[in-house]
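The values are calculated or read from the model by the stated rules, or taken from the named source; none is laboratory data. Because the structure is a prediction, the values reported are computed rather than measured. Reconstructed Cβ throughout: ideal geometry from the backbone, glycine too, with neighbour counts over all protein chains shown.
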Amino acid sequence: MAFYDGARWFHVWCNSNEGIFSPNQFYPVPPSDWHFLGSRVLHHEESSLILESRHEVSIEGTPLRIDRYAFFKAGATYFVLKIIIRNIGTRPAVYSYQYGDEPWLGDYGSSQGNVGGAADGLHKFTGRIDTKKLHYAGYFDYGNDAIGESHTYTGVANFIEWSGNEEPVVYFTNGPNDPPQAGAGKTPLSSNTRFIGILWGPQTLQPGQSKEYTLAIGMADRDPKTGFPKKPEIDLVTFP
């Protein structure tokens, strides 16, 4: 995902690190290893587009069906991704689902200047955020003064918002393979793969049961008074 301001391009989000795994696996199984069942355009007109893809994956011998829906609206600085995971097997399935990214915000190929952000302010260190109070997070290309970075970066910000009854673990780390630390850590965000992760699970699906996960993913606005990020209002009415 990128943004062109009339003079140059700004990198907003990169290829997502997404996957599903059992409690006995350390690394998630990515969508590229899911069995692809097909995709289609569900709806298209001048102002909106809805895409669907269908997949299947086995978790310790139990098959799960994964249906994904992407909703786009002209003029919006974000899109909505809905994931439905259903147990189509005959035994309970225990799994975790993860979505994340090391976005290289601002300049492609570089995490320099990227500092975590949410409604409670900047997050300069690795660790979890309080998802009982916060419902979105992202990165701000502002400079992490905890490692001596100046505030001379692009000022571009992104965000990812989660909704639903399932409360995830949301965390900042220095890489996609770093596990989420409990609470706020003391290690500053300093690598070239500064990462934000969202993790649901472990969760149990009984045969025939399904769970739904909804994410709004996009670019944040800038508050003209403060210069800091301001997340747009998410419209889940026109993004069903």
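Values for this structure:
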| item | result |
| --- | --- |
| Of all residues in segment 189-240 being small (Gly, Ala, Ser) and buried (at least 19 other Cβ atoms within 10 Å of the Cβ), the one that is farthest from residue 100 (Cα to Cα) | 220 |
| Odd one out for residue 75, checked against (1) within 18 Å of residue 220 (Cβ to Cβ); (2) touching a residue at least 40 places away in the same chain (Cβ under 8 Å) | (2) |
| Single residue of segment 87-104 satisfying the filter (in a strand (DSSP E or B) and among the hydrophobic types (A, V, I, L, M, F, W, C)) that is nearest to residue 37 (Cα to Cα) | 93 |
| Scope segment 116-150; condition touching a residue at least 24 places away in the same chain (Cβ under 8 Å) and among the polar types (S, T, N, Q); matching residues | 126, 131, 144 |
| Of residues in segment 46-59 being polar (S, T, N, Q) and free of Cβ contacts under 8 Å to residues at least 24 places away in the same chain, the one surrounded by the fewest Cβ atoms within 10 Å (Cβ to Cβ) | 58 |
| Test: residue in segment 196-205 that is more than 30 Å from residue 91 (Cα to Cα) and at pLDDT 95 or above | yes |
| Complete set of residues in segment 103-113 that are surrounded by fewer than 19 Cβ atoms within 10 Å (Cβ to Cβ) and of a type in the set (Gly, Ala, Ser) | 109, 110 |
| Unique match (being modelled with pLDDT of 95 or more and over 13 Å from the mean Cα position of the chain (by Cα)) among 136, 142, 171 | 142 |
| Condition broken by residue 84, with the remaining ones in (1) surrounded by fewer than 19 Cβ atoms within 10 Å (Cβ to Cβ); (2) without any contact (Cβ under 8 Å) to a residue 60 or more places away in the chain; (3) of a type in the set (Val, Ile, Thr) satisfied | (2) |
| Residues of segment 147-166 satisfying the condition of being surrounded by fewer than 16 Cβ atoms within 10 Å (Cβ to Cβ), over 17 Å from residue 228 (Cβ atoms) and touching a Phe, Trp or Tyr at 6+ places or on another chain (Cβ under 8 Å) | 164, 166 |
| From 116, 89, 100, residue being in contact with a His (Cβ under 7 Å, 6 or more places away or on another chain) and either small (Gly, Ala, Ser) or surrounded by fewer than 17 Cβ atoms within 10 Å (Cβ to Cβ) (or both) | 116 |
| Where a residue in segment 87-112 is farther than 14 Å from residue 156 by Cβ and at pLDDT 95 or above and its partner, wherever it lies, is among the hydroxyl-bearing types (Ser, Thr, Tyr) and outside any loop (DSSP other than H, G, I, E, B), with Cβ under 6 Å and at least six apart | 89/62; 91/62; 92/204; 93/62; 94/204 |
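Residues checked against (1) assigned to a strand (DSSP E or B); (2) over 19 Å from residue 163 (Cα atoms); (3) at pLDDT 95 or above:
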site	(1), (2), (3)
10	yes, yes, yes
15	no, yes, no
20	yes, no, yes
37	yes, yes, yes
52	yes, yes, yes
57	yes, yes, yes
67	yes, no, yes
70	yes, no, yes
85	yes, no, yes
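Each row is one residue, and each column tells you yes or no for (1) surrounded by 14 or more Cβ atoms within 10 Å (Cβ to Cβ); (2) over 19 Å from residue 92 (Cα atoms).
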residue: 11; (1), (2): yes, yes
residue: 16; (1), (2): yes, yes
residue: 21; (1), (2): yes, no
residue: 31; (1), (2): yes, yes
residue: 39; (1), (2): no, yes
residue: 44; (1), (2): no, yes
residue: 61; (1), (2): no, no
residue: 66; (1), (2): yes, no
residue: 69; (1), (2): yes, yes
